[in-house]
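Read the structure below first, then the notes.
The values are calculated or read from the model by the stated rules, or taken from the named source; none is laboratory data. Nothing here was measured: the structure is a model prediction, and the numbers come from that model. Side chains are part of the model used for accessible areas, which takes the heavy atoms of the whole protein and leaves out ligands, DNA and RNA. Shrake-Rupley method; radii C 1.70, N 1.55, O 1.52, S 1.80 Å.
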Amino acid sequence: MLPSSHSPLTILVVDDQSAARVALSAMLDQAGHRVIEGDSQEWALELFGRYRPDLVLLDVEMPGHDGFWTARQMRAAEPGGWTPIIFLSRLAEDQAISQGIEA
């Protein structure tokens, strides 16, 4: 790994699939970032409020509420500013893309 001239980010990774979450977190950690992991929407919202991450990587397809719902809750909880959210999904339909943008 080459040294980075950028400051490390605090990244919240949310995925109900443990293997996917751990693999992604390990790569981000190896790149020098601080990684926080959540395995449910409720836990993701708790961690989002507690740590105010610089970036959120959010699975769309999870039991209960989906990632779009979770993103809307995160947006509503932001006191100011704007946290980038990147959706992780196998969905490629126009409707899913539109839902992500709206969330």
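Ordering Arg21, Arg75, Arg34 by how much accessible area each has at a 1.4 Å probe, largest first, what is the list? Don't skip to the answer; put the middle values down first.
Values: Arg21 30, Arg75 65, Arg34 125 Å².
Solvent-accessible surface, decreasing: Arg34, Arg75, Arg21.
Restricting the calculation to alpha carbons of segment 1-71 gives Rg and Dmax of 12.4, 40 angstrom. Extension gain for Arg72 to Arg34 (0.36 nm times residue separation, less C-alpha to C-alpha distance): 11.3 nm. Here the Kirkwood formula puts the hydrodynamic radius of segment 37-77 at 10.2 Å, using every distinct Cα pair.
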